[in-house]
Each structure stands twice: as structure tokens, then as C-alpha cells.
Amino acid sequence: MEYYELHPVNPQLRYINKAVEVLKKGGVIIYPTDTVYGFGCDIFNKEALQRIYDIKNEAGTKLYSFICSDLKDISKYAKVSNFAYKSMRKLLPGPYTFVLPSSKEVPKKLWTKRKTVGIRIPDHQIALTLAKELGNPIVSTSVTTRKGELLYDPFEIKTIFNIQVDLMLSAGALTGEPSSIVDLSGDEPDVVREGSGDVSMFY
């Protein structure tokens, strides 16, 4: 594994670009978000996506969300109602995953049975710069042990996944909870999970 320590607010672009090169070649990376560390790959690379399922010891039917670089980007990959747009504009970037109807741009592997997808715009410069420099979204699923326990310490993460992952971008220890998940695909908002983000506006 290549391993680089980045400044969380002003990340060194040379290290971001190394991660982008790995993603373009179908690699798997670990990177920080505003909540926890995440496994990432290019959403359009099926083999890389399968590698993440294997690393996490999860069935290929489990759904992963993905990171977009900004609100304009979301509209390429999802159908966004006026209510959804106004809600997301208030809260993003932030620790939220929004479930929206998928556009045809998104690989079906990432669709739910209801043809929805989970999308994030985290409040973290490394994650946002990665998606922007790559030019398309990055898969986002939290770094956990095979038992599903969250991992926050970059050195522990590096030790465990050194052989399985191609590159890691470290921004120090993270202490967040997973993101809040809000389903905005129906007529009424549905809070699927209360996590780091305040979801009181949806009740």
C-alpha cells in the first residue's frame, strides 16, 4: 500500500493526484471523510467495486453510496426534486447520505430495487478534491473490520489493510459517527439512520 499523510484543510494536490491515478487504473483506496475513513473506487469500475465487497466480506448485493464533488454533480447521477434540492443546499457539504432516484448514468450495481442511489457530499476537502480531480463519483463505504467494527486510527487501518488496498490518504485519527441517511426519493422525507448530521428538519 502507498501511504500519504495529508493536511485535512489544504491537502497536497500531488498526493491527491497519486490517488486519482490509482482510481483510474481500477485500484482501491482508503480516504478520510467528514465522518469516518472510507474505502473508495471509481463507481464505473466493476472489478474494483467487487474488490471492496471482498475486502469487507460483504455480499455483492449490499448497497454502497458514492461521493459527488458538488450539487451540480448530483443532478447528473440522480433525479432531484425541488424539495430535495432545497434540503440538500441547506445541509451540504455535510455528514449526510441522501437517497434519490437514480439516473441512467449510475451503474445498476449501485441501484436499490426501487432504482434509488445513496449520494454524499462530505464536508472534507480531501474527499471532495478526489471526486473533482477524478471527474466522476467515488464509492463511499466505511472502513470496518470483517466483523463490522468501525476503524478510526489510520495506523491501525494501514496495518490491517496494507496488502488488500492500493493506496491510503491519511488525515489523522477520525472520531465521527457514520453519516445520517435521509431518503428523499418519495413524497415525504424518511430518516433511515440518525448519524452525525442533524435530521430534525425532516421530522
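Of note:
- All conditions in (1) more than 16 Å from Phe66 (Cβ to Cβ); (2) assigned to a helix (DSSP H, G or I); (3) in contact with a Gly (Cβ under 9 Å, 6 or more places away or on another chain) hold for Lys109, with the sole exception of (1).
- Matching residues, the stretch 24-35, being surrounded by 23 or more Cβ atoms within 10 Å (Cβ to Cβ) and either part of a loop (DSSP other than H, G, I, E, B) or at pLDDT below 95 (or both): Val28, Thr33, Asp34, Thr35
- Some residue of the stretch 57-68 being at pLDDT 90 or above and farther than 23 Å from Thr175 by Cα: no
- Unique residue being charged (D, E, K, R) and on the phi < 0 side of the Ramachandran plot when the list is Lys115, Lys90: Lys90
- Any hit, the stretch 42-65, residues being within 21 Å of Gly195 (Cα to Cα), assigned to a strand (DSSP E or B) and either touching a residue at least 24 places away in the same chain (Cβ under 8 Å) or in contact with a Cys (Cβ under 6 Å, 6 or more places away or on another chain) (or both): yes
- Residue, nearest to the chain's Cα centre (by Cα), within the stretch 70-106, restricted to residues that are in a strand (DSSP E or B) and among the hydroxyl-bearing types (Ser, Thr, Tyr): Thr97
- Scanning the stretch 60-67 turns up one or more residues that are surrounded by fewer than 20 Cβ atoms within 10 Å (Cβ to Cβ), under 13 Å from the mean Cα position of the chain (by Cα) and more than 23 Å from Leu167 (Cβ to Cβ).
- Apart from one condition, Gln12 fits all of (1) surrounded by 14 or more Cβ atoms within 10 Å (Cβ to Cβ); (2) touching a residue at least 60 places away in the same chain (Cβ under 8 Å); (3) within 21 Å of Phe155 (Cα to Cα); the exception is (2).
The values are calculated or read from the model by the stated rules, or taken from the named source; none is laboratory data. All values derive from a computational prediction rather than experimental measurement. Backbone-built Cβ (ideal geometry, glycine too); neighbour counts: all protein chains shown.
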